[in-house]
Amino acid sequence: MLRMPEFRYHHARSADEAVTLFHALGGCAGRGKDAVWSAMYIAGGTDLLPNIKHRLFTPRHLVGLGGLPRAEIRDEGDVIVLDGGVTLHRVAEDPLVQRALPPLAQAAGRVAGPQLRRMGTIGGNVLLDTRCLFYNQTAFWREALGYCLKKEGDWCHVIGGPKTCVAAQSSDCVPVLLALDASIRLLGPEGERELSLRDLYQFNGFDHLKLTPGELLTQVRIPRPGAGFRGAYRKLRVRGSIDFPQVGVAVTGRWDGDAPIDLQIVVGAINPQPKPVRKLEAFLHKPLNSAAIEAIGDLVNQQTRPQSSVAGDVAWRRAMAGIMARRALADLAG
Ligand SMILES: Cc1cc2nc3c(=O)[nH]c(=O)nc-3n(C[C@H](O)[C@H](O)[C@H](O)COP(=O)(O)OP(=O)(O)OC[C@H]3O[C@@H](n4cnc5c(N)ncnc54)[C@H](O)[C@@H]3O)c2cc1C
Ligand code: SF4
(Lines give C-alpha, C1' and ligand atoms only; values in the text may rest on other atoms or scores of the structure.)
(Ligands and ions follow the chains in the order given, each with its own letter.)
Protein backbone atom coordinates (compact mmCIF):
# COMPACT_ATOMS: atom_id res chain seq x y z
CA MET A 1 0.00 0.00 0.00
CA LEU A 2 1.24 3.50 -0.82
CA ARG A 3 0.80 5.83 2.14
CA MET A 4 0.09 9.52 1.65
CA PRO A 5 2.74 11.73 3.26
CA GLU A 6 1.41 14.19 5.82
CA PHE A 7 0.19 17.63 4.72
CA ARG A 8 -2.22 20.31 5.94
CA TYR A 9 -5.22 21.18 3.81
CA HIS A 10 -6.36 24.82 3.52
CA HIS A 11 -9.74 25.58 1.99
CA ALA A 12 -9.63 28.77 -0.11
CA ARG A 13 -12.96 30.58 -0.61
CA SER A 14 -11.83 32.98 -3.32
CA ALA A 15 -9.10 33.20 -5.96
CA ASP A 16 -7.43 36.06 -4.04
CA GLU A 17 -7.45 34.03 -0.84
CA ALA A 18 -5.89 31.03 -2.66
CA VAL A 19 -3.00 33.16 -3.97
CA THR A 20 -2.47 34.80 -0.56
CA LEU A 21 -2.50 31.41 1.19
CA PHE A 22 -0.06 29.90 -1.32
CA HIS A 23 2.54 32.59 -0.59
CA ALA A 24 1.85 32.82 3.15
CA LEU A 25 2.41 29.06 3.44
CA GLY A 26 5.89 29.23 1.93
CA GLY A 27 5.03 28.96 -1.78
CA CYS A 28 7.75 27.44 -3.92
CA ALA A 29 11.52 27.99 -3.75
CA GLY A 30 13.54 27.42 -6.94
CA ARG A 31 12.03 26.03 -10.11
CA GLY A 32 12.00 23.05 -12.42
CA LYS A 33 13.89 20.07 -11.02
CA ASP A 34 15.25 22.24 -8.17
CA ALA A 35 11.79 23.43 -7.07
CA VAL A 36 10.89 22.88 -3.41
CA TRP A 37 7.14 23.24 -2.97
CA SER A 38 6.07 24.17 0.55
CA ALA A 39 2.50 24.76 -0.71
CA MET A 40 0.66 23.60 -3.84
CA TYR A 41 -2.79 24.19 -5.28
CA ILE A 42 -5.09 21.21 -5.47
CA ALA A 43 -8.17 21.19 -7.73
CA GLY A 44 -9.62 17.70 -8.43
CA GLY A 45 -6.41 16.10 -7.12
CA THR A 46 -6.57 13.36 -9.76
CA ASP A 47 -3.02 14.07 -10.93
CA LEU A 48 -1.51 15.66 -7.85
CA LEU A 49 -2.51 13.08 -5.22
CA PRO A 50 -1.01 10.06 -7.07
CA ASN A 51 2.13 12.17 -7.59
CA ILE A 52 2.28 12.98 -3.88
CA LYS A 53 1.85 9.28 -3.04
CA HIS A 54 4.80 8.58 -5.34
CA ARG A 55 6.82 11.27 -3.47
CA LEU A 56 7.22 13.24 -6.70
CA PHE A 57 5.98 16.23 -4.68
CA THR A 58 6.05 16.51 -0.88
CA PRO A 59 4.32 19.82 -0.07
CA ARG A 60 3.55 20.53 3.59
CA HIS A 61 0.43 22.48 2.61
CA LEU A 62 -2.28 22.03 -0.01
CA VAL A 63 -4.45 25.00 -0.94
CA GLY A 64 -7.83 23.59 -2.03
CA LEU A 65 -9.57 25.29 -4.97
CA GLY A 66 -12.87 23.39 -4.69
CA GLY A 67 -14.47 26.19 -2.65
CA LEU A 68 -13.85 28.97 -5.18
CA PRO A 69 -17.21 30.59 -5.97
CA ARG A 70 -17.35 30.31 -9.77
CA ALA A 71 -16.94 27.12 -11.77
CA GLU A 72 -18.99 27.94 -14.84
CA ILE A 73 -18.98 27.85 -18.62
CA ARG A 74 -19.98 31.22 -20.08
CA ASP A 75 -20.78 32.56 -23.50
CA GLU A 76 -19.22 36.02 -23.75
CA GLY A 77 -20.00 36.45 -27.45
CA ASP A 78 -16.61 36.35 -29.19
CA VAL A 79 -15.12 34.21 -26.42
CA ILE A 80 -16.28 31.08 -24.61
CA VAL A 81 -14.98 31.07 -21.05
CA LEU A 82 -14.36 28.02 -18.87
CA ASP A 83 -13.53 28.79 -15.24
CA GLY A 84 -10.46 26.84 -14.12
CA GLY A 85 -12.52 24.70 -11.71
CA VAL A 86 -15.00 23.39 -14.31
CA THR A 87 -14.84 19.59 -14.34
CA LEU A 88 -13.96 17.63 -17.46
CA HIS A 89 -17.31 15.83 -17.21
CA ARG A 90 -19.03 19.20 -17.42
CA VAL A 91 -16.87 20.27 -20.41
CA ALA A 92 -17.72 17.03 -22.22
CA GLU A 93 -21.47 17.27 -21.53
CA ASP A 94 -22.11 21.01 -21.76
CA PRO A 95 -24.49 21.89 -24.65
CA LEU A 96 -22.61 25.12 -25.51
CA VAL A 97 -19.26 23.29 -25.72
CA GLN A 98 -20.81 20.43 -27.71
CA ARG A 99 -22.40 22.87 -30.15
CA ALA A 100 -19.64 25.48 -30.54
CA LEU A 101 -16.47 23.49 -29.72
CA PRO A 102 -17.18 19.81 -30.51
CA PRO A 103 -13.52 18.67 -30.54
CA LEU A 104 -13.05 20.04 -27.01
CA ALA A 105 -16.11 18.11 -25.80
CA GLN A 106 -14.65 14.99 -27.48
CA ALA A 107 -11.21 15.46 -25.88
CA ALA A 108 -12.61 16.12 -22.39
CA GLY A 109 -14.89 13.08 -22.74
CA ARG A 110 -11.88 10.87 -23.51
CA VAL A 111 -9.78 11.82 -20.48
CA ALA A 112 -9.20 8.88 -18.12
CA GLY A 113 -12.54 7.35 -17.01
CA PRO A 114 -15.88 8.69 -15.70
CA GLN A 115 -14.92 9.00 -12.02
CA LEU A 116 -11.74 10.93 -12.80
CA ARG A 117 -13.59 13.22 -15.23
CA ARG A 118 -16.07 14.12 -12.49
CA MET A 119 -13.23 15.18 -10.17
CA GLY A 120 -10.60 16.42 -12.64
CA THR A 121 -10.80 20.05 -13.79
CA ILE A 122 -9.92 21.87 -16.98
CA GLY A 123 -7.38 23.98 -15.01
CA GLY A 124 -5.62 20.87 -13.73
CA ASN A 125 -5.68 19.38 -17.23
CA VAL A 126 -3.94 22.42 -18.76
CA LEU A 127 -1.32 22.48 -15.97
CA LEU A 128 -0.83 18.72 -15.73
CA ASP A 129 2.73 17.69 -14.82
CA THR A 130 4.68 16.03 -17.66
CA ARG A 131 4.71 12.23 -17.62
CA CYS A 132 7.34 9.54 -18.16
CA LEU A 133 7.63 5.78 -17.70
CA PHE A 134 10.73 6.38 -15.53
CA TYR A 135 9.11 9.13 -13.41
CA ASN A 136 5.49 8.18 -12.69
CA GLN A 137 6.62 5.36 -10.41
CA THR A 138 6.88 4.81 -6.67
CA ALA A 139 9.80 6.32 -4.73
CA PHE A 140 11.10 2.76 -4.16
CA TRP A 141 11.04 1.99 -7.91
CA ARG A 142 12.78 5.26 -8.79
CA GLU A 143 15.42 4.83 -6.08
CA ALA A 144 16.29 1.36 -7.40
CA LEU A 145 17.09 2.97 -10.75
CA GLY A 146 19.12 5.83 -9.25
CA TYR A 147 16.27 8.33 -9.91
CA CYS A 148 16.38 10.55 -13.04
CA LEU A 149 17.05 14.12 -14.14
CA LYS A 150 13.47 15.31 -13.55
CA LYS A 151 13.55 14.30 -9.88
CA GLU A 152 16.53 13.72 -7.57
CA GLY A 153 18.85 12.27 -10.23
CA ASP A 154 21.25 13.50 -12.89
CA TRP A 155 20.56 11.21 -15.84
CA CYS A 156 17.74 10.89 -18.36
CA HIS A 157 17.01 7.20 -19.02
CA VAL A 158 15.07 8.07 -22.20
CA ILE A 159 17.71 10.22 -23.89
CA GLY A 160 20.63 8.42 -22.22
CA GLY A 161 22.28 11.66 -21.11
CA PRO A 162 22.48 14.28 -18.35
CA LYS A 163 21.00 17.34 -20.08
CA THR A 164 17.41 17.09 -21.30
CA CYS A 165 14.14 15.76 -19.94
CA VAL A 166 11.61 14.73 -22.57
CA ALA A 167 8.73 13.72 -20.28
CA ALA A 168 5.50 14.25 -22.24
CA GLN A 169 2.76 16.87 -21.90
CA SER A 170 -0.03 14.29 -21.79
CA SER A 171 -3.25 16.26 -21.53
CA ASP A 172 -6.06 15.44 -23.96
CA CYS A 173 -7.63 18.91 -23.96
CA VAL A 174 -4.41 20.83 -24.61
CA PRO A 175 -3.90 19.94 -28.33
CA VAL A 176 -7.49 21.00 -29.00
CA LEU A 177 -7.15 24.21 -26.99
CA LEU A 178 -3.97 25.09 -28.88
CA ALA A 179 -5.65 24.42 -32.22
CA LEU A 180 -8.50 26.71 -31.09
CA ASP A 181 -5.99 29.44 -30.14
CA ALA A 182 -7.14 29.50 -26.51
CA SER A 183 -5.55 31.57 -23.77
CA ILE A 184 -5.55 31.35 -19.99
CA ARG A 185 -6.15 34.01 -17.38
CA LEU A 186 -3.78 33.91 -14.43
CA LEU A 187 -3.85 35.54 -11.01
CA GLY A 188 -0.67 36.25 -9.05
CA PRO A 189 0.33 38.60 -6.23
CA GLU A 190 0.88 41.36 -8.83
CA GLY A 191 -2.59 40.97 -10.32
CA GLU A 192 -4.06 39.33 -13.43
CA ARG A 193 -2.54 38.55 -16.81
CA GLU A 194 -3.60 36.64 -19.92
CA LEU A 195 -1.30 34.19 -21.70
CA SER A 196 -1.81 32.44 -25.02
CA LEU A 197 -1.61 28.67 -24.65
CA ARG A 198 0.85 28.75 -27.55
CA ASP A 199 3.25 30.61 -25.21
CA LEU A 200 2.64 28.47 -22.13
CA TYR A 201 4.58 25.28 -22.91
CA GLN A 202 8.33 24.90 -23.46
CA PHE A 203 10.48 21.96 -24.55
CA ASN A 204 11.77 21.04 -21.10
CA GLY A 205 10.12 18.14 -19.30
CA PHE A 206 11.19 19.29 -15.82
CA ASP A 207 10.10 22.90 -16.33
CA HIS A 208 7.54 22.80 -19.13
CA LEU A 209 5.29 25.68 -18.03
CA LYS A 210 6.34 29.30 -18.53
CA LEU A 211 4.60 30.34 -15.29
CA THR A 212 5.76 31.86 -12.05
CA PRO A 213 5.10 29.23 -9.35
CA GLY A 214 1.92 30.17 -7.50
CA GLU A 215 0.14 31.82 -10.43
CA LEU A 216 -3.46 30.63 -10.24
CA LEU A 217 -5.27 29.65 -13.45
CA THR A 218 -8.69 31.29 -13.16
CA GLN A 219 -10.05 30.93 -16.71
CA VAL A 220 -9.53 29.20 -20.05
CA ARG A 221 -10.69 31.57 -22.81
CA ILE A 222 -11.49 30.21 -26.26
CA PRO A 223 -12.24 32.48 -29.22
CA ARG A 224 -15.57 31.46 -30.76
CA PRO A 225 -14.75 29.75 -34.08
CA GLY A 226 -16.09 31.45 -37.21
CA ALA A 227 -18.64 30.17 -39.73
CA GLY A 228 -17.95 26.78 -41.32
CA PHE A 229 -16.06 25.47 -38.28
CA ARG A 230 -15.35 21.74 -38.06
CA GLY A 231 -13.05 19.87 -35.72
CA ALA A 232 -12.16 16.50 -34.25
CA TYR A 233 -9.91 14.94 -31.60
CA ARG A 234 -8.39 11.47 -32.04
CA LYS A 235 -6.64 9.57 -29.27
CA LEU A 236 -4.44 6.48 -29.18
CA ARG A 237 -4.22 4.68 -25.83
CA VAL A 238 -3.67 1.21 -24.44
CA ARG A 239 -7.06 0.83 -22.69
CA GLY A 240 -9.91 2.90 -24.07
CA SER A 241 -11.56 3.00 -20.65
CA ILE A 242 -8.91 4.85 -18.60
CA ASP A 243 -5.47 5.47 -20.05
CA PHE A 244 -3.50 8.61 -20.84
CA PRO A 245 -2.86 9.26 -24.56
CA GLN A 246 0.07 7.63 -26.34
CA VAL A 247 -0.62 10.19 -29.06
CA GLY A 248 -3.43 12.74 -29.34
CA VAL A 249 -4.28 14.57 -32.56
CA ALA A 250 -6.49 17.65 -32.74
CA VAL A 251 -7.72 18.84 -36.14
CA THR A 252 -9.70 22.07 -36.46
CA GLY A 253 -10.53 24.38 -39.34
CA ARG A 254 -13.14 26.38 -41.20
CA TRP A 255 -14.63 25.05 -44.38
CA ASP A 256 -16.21 26.71 -47.38
CA GLY A 257 -18.02 23.78 -49.01
CA ASP A 258 -15.42 21.07 -49.54
CA ALA A 259 -12.43 23.44 -49.23
CA PRO A 260 -10.77 24.34 -45.91
CA ILE A 261 -10.10 28.06 -45.54
CA ASP A 262 -7.96 27.57 -42.46
CA LEU A 263 -6.62 24.42 -40.86
CA GLN A 264 -4.80 23.58 -37.62
CA ILE A 265 -3.39 20.25 -36.52
CA VAL A 266 -1.75 19.83 -33.11
CA VAL A 267 -0.17 16.59 -31.89
CA GLY A 268 0.05 15.90 -28.15
CA ALA A 269 1.64 13.35 -25.79
CA ILE A 270 4.85 13.08 -27.77
CA ASN A 271 7.10 15.69 -26.12
CA PRO A 272 7.11 18.19 -23.22
CA GLN A 273 5.49 20.64 -25.63
CA PRO A 274 2.48 19.96 -27.89
CA LYS A 275 3.42 20.09 -31.58
CA PRO A 276 1.51 22.36 -34.00
CA VAL A 277 1.95 20.95 -37.54
CA ARG A 278 3.46 23.46 -40.02
CA LYS A 279 3.05 23.98 -43.78
CA LEU A 280 -0.71 23.38 -43.98
CA GLU A 281 -1.28 26.60 -46.02
CA ALA A 282 -0.68 24.70 -49.26
CA PHE A 283 -3.94 22.79 -48.70
CA LEU A 284 -6.24 25.78 -48.20
CA HIS A 285 -8.88 27.16 -50.59
CA LYS A 286 -9.14 23.99 -52.67
CA PRO A 287 -11.13 20.79 -52.23
CA LEU A 288 -9.66 18.46 -49.64
CA ASN A 289 -9.57 15.34 -51.82
CA SER A 290 -8.03 12.01 -50.87
CA ALA A 291 -4.62 12.93 -52.35
CA ALA A 292 -4.54 16.09 -50.18
CA ILE A 293 -5.56 14.11 -47.08
CA GLU A 294 -2.82 11.57 -47.80
CA ALA A 295 -0.24 14.36 -48.19
CA ILE A 296 -1.31 16.04 -44.91
CA GLY A 297 -0.98 12.69 -43.13
CA ASP A 298 2.58 12.48 -44.48
CA LEU A 299 3.33 15.99 -43.16
CA VAL A 300 2.03 15.05 -39.71
CA ASN A 301 4.13 11.91 -39.79
CA GLN A 302 7.28 13.84 -40.82
CA GLN A 303 6.86 16.50 -38.12
CA THR A 304 5.95 14.14 -35.26
CA ARG A 305 8.90 12.89 -33.23
CA PRO A 306 7.55 10.93 -30.24
CA GLN A 307 9.83 10.11 -27.31
CA SER A 308 9.93 6.77 -25.57
CA SER A 309 8.95 8.47 -22.30
CA VAL A 310 5.41 7.25 -23.15
CA ALA A 311 4.36 3.59 -23.59
CA GLY A 312 4.32 2.22 -27.15
CA ASP A 313 6.88 1.84 -29.90
CA VAL A 314 7.93 5.31 -31.11
CA ALA A 315 7.82 4.44 -34.82
CA TRP A 316 4.30 3.04 -34.42
CA ARG A 317 3.10 6.09 -32.44
CA ARG A 318 4.58 8.35 -35.12
CA ALA A 319 2.86 6.44 -37.92
CA MET A 320 -0.40 6.50 -35.94
CA ALA A 321 -0.26 10.30 -35.64
CA GLY A 322 -0.37 10.52 -39.46
CA ILE A 323 -3.08 7.88 -39.69
CA MET A 324 -5.27 9.54 -37.05
CA ALA A 325 -4.89 12.92 -38.77
CA ARG A 326 -5.95 11.36 -42.11
CA ARG A 327 -8.98 9.66 -40.52
CA ALA A 328 -10.07 12.87 -38.78
CA LEU A 329 -9.69 14.88 -41.99
CA ALA A 330 -11.61 12.32 -44.02
CA ASP A 331 -14.49 12.57 -41.51
CA LEU A 332 -14.42 16.35 -41.48
CA ALA A 333 -14.25 16.60 -45.26
CA GLY A 334 -17.40 14.49 -45.31
C1 LIG B 1 -5.65 6.69 -13.90
C2 LIG B 1 -5.56 8.09 -14.47
C3 LIG B 1 -5.78 8.26 -15.82
C4 LIG B 1 -5.69 9.55 -16.37
N5 LIG B 1 -5.89 9.68 -17.71
C6 LIG B 1 -5.82 10.92 -18.26
C7 LIG B 1 -6.05 11.07 -19.66
O8 LIG B 1 -6.37 10.12 -20.38
N9 LIG B 1 -5.91 12.30 -20.20
C10 LIG B 1 -5.60 13.40 -19.44
O11 LIG B 1 -5.51 14.50 -20.00
N12 LIG B 1 -5.39 13.29 -18.11
C13 LIG B 1 -5.51 12.08 -17.50
N14 LIG B 1 -5.32 11.94 -16.14
C15 LIG B 1 -4.88 13.12 -15.35
C16 LIG B 1 -5.96 13.94 -14.68
O17 LIG B 1 -7.04 13.14 -14.25
C18 LIG B 1 -6.52 15.05 -15.57
O19 LIG B 1 -5.50 15.65 -16.34
C20 LIG B 1 -7.24 16.13 -14.76
O21 LIG B 1 -7.77 17.09 -15.64
C22 LIG B 1 -6.35 16.87 -13.77
O23 LIG B 1 -7.16 17.87 -13.15
P24 LIG B 1 -7.25 17.99 -11.55
O25 LIG B 1 -8.24 19.06 -11.28
O26 LIG B 1 -7.50 16.67 -10.92
O27 LIG B 1 -5.78 18.49 -11.24
P28 LIG B 1 -4.96 18.37 -9.88
O29 LIG B 1 -4.47 16.99 -9.74
O30 LIG B 1 -5.72 18.96 -8.74
O31 LIG B 1 -3.75 19.36 -10.25
C32 LIG B 1 -2.84 19.08 -11.29
C33 LIG B 1 -1.74 20.15 -11.26
O34 LIG B 1 -2.28 21.41 -11.64
C35 LIG B 1 -2.16 22.37 -10.60
N36 LIG B 1 -3.41 23.13 -10.62
C37 LIG B 1 -4.67 22.61 -10.70
N38 LIG B 1 -5.57 23.62 -10.84
C39 LIG B 1 -4.86 24.76 -10.86
C40 LIG B 1 -5.21 26.13 -10.99
N41 LIG B 1 -6.49 26.52 -11.17
N42 LIG B 1 -4.23 27.07 -10.98
C43 LIG B 1 -2.93 26.71 -10.81
N44 LIG B 1 -2.53 25.42 -10.68
C45 LIG B 1 -3.49 24.47 -10.71
C46 LIG B 1 -1.93 21.57 -9.32
O47 LIG B 1 -1.16 22.30 -8.37
C48 LIG B 1 -1.14 20.39 -9.87
O49 LIG B 1 0.20 20.74 -10.05
C50 LIG B 1 -5.41 10.68 -15.54
C51 LIG B 1 -5.20 10.49 -14.16
C52 LIG B 1 -5.28 9.20 -13.63
C53 LIG B 1 -5.07 9.03 -12.16
S1 SF4 C 1 12.42 11.94 -19.83
FE2 SF4 C 1 14.30 11.38 -18.76
S3 SF4 C 1 14.63 12.94 -17.20
FE4 SF4 C 1 12.53 13.13 -17.95
S5 SF4 C 1 11.31 11.97 -16.50
FE6 SF4 C 1 11.84 10.58 -18.17
S7 SF4 C 1 13.78 9.58 -17.56
FE8 SF4 C 1 13.43 11.33 -16.22
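The values are calculated or read from the model by the stated rules, or taken from the named source; none is laboratory data. On a predicted model such as this, the values are computed, not experimentally measured, just so you know. Glycine gets a Cβ as well: all are built from the backbone with ideal geometry, and neighbour counts include every protein chain shown. SASA here: full protein model, heavy atoms, side chains in, ligands and nucleic acids out. Shrake-Rupley method; radii C 1.70, N 1.55, O 1.52, S 1.80 Å.
Can you confirm whether L101 is away from ligand 1 (no atom under 12 Å from the Cβ), aliphatic (A, V, I, L, M), at pLDDT 95 or above and touching a Gly at 6+ places or on another chain (Cβ under 9 Å)? Criteria met by L101.
Check every one of the strands (runs of 3 or more DSSP E) wholly within the range 40-139 and list those with 3 or more residues that are within 19 Å of the chain's Cα centre (by Cα).
79-83
When the residues of the range 56-94 are filtered to those that are in contact with a Leu (Cβ under 9 Å, 6 or more places away or on another chain) and under 24 Å from R3 (Cβ atoms), which remaining residue is most open to solvent (accessible area, probe 1.4 Å)? Here the answer is R60. Here the range 117-131 is the region considered, the condition is being in contact with a Gly (Cβ under 8 Å, 6 or more places away or on another chain) and open to solvent by 20 Å² or more (accessible area, probe 1.4 Å), and the residue that is farthest from ligand 1 (Cβ to nearest atom) is R117.
Exactly one residue out of L211, L217 is closer than 21 Å to L128 by Cβ, assigned to a loop (DSSP other than H, G, I, E, B) and of a type outside the set (F, W, Y), and it is L211. Checked against the criterion of being modelled with pLDDT of 95 or more, in contact with a Pro (Cβ under 6 Å, 6 or more places away or on another chain), within 12 Å of ligand 1 (Cβ to nearest atom) and aromatic (F, W, Y), the range 242-255 contains not a single residue that satisfies it.
Residues are listed down the side, and each one gets a yes or a no for (1) under 18 Å from R230 (Cβ atoms); (2) at pLDDT 95 or above:
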residue	(1), (2)
G257	yes, no
I265	yes, yes
I270	no, yes
S290	yes, yes
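Total residues in the range 219-233 satisfying the condition of being of a type in the set (A, V, I, L, M, F, W, C) and open to solvent by less than 40 Å² (accessible area, probe 1.4 Å): the figure is 3.
Look at the range 254-269: where a residue is without any contact (Cβ under 8 Å) to a residue 60 or more places away in the chain and hydrophobic (A, V, I, L, M, F, W, C) and a partner is open to solvent by less than 40 Å² (accessible area, probe 1.4 Å) and part of a strand (DSSP E or B), sitting 6+ places away or on another chain with Cβ atoms under 6 Å, you get L263/G253. Among the residues of the range 234-259, those identified as crowded, with 24+ Cβ neighbours inside 10 Å and within 13 Å of the chain's Cα centre (by Cα) are P245, V247, G248, V249, A250. Residue-level analysis places R110 outside the set of residues that are open to solvent by 40 Å² or more (accessible area, probe 1.4 Å) and over 30 Å from L263 (Cα atoms).
Among the residues of the range 181-206, those that are under 19 Å from I42 (Cα atoms) and either open to solvent by less than 30 Å² (accessible area, probe 1.4 Å) or of a type in the set (D, E, K, R) (or both) comprise I184, R185, L186, L187, G188.
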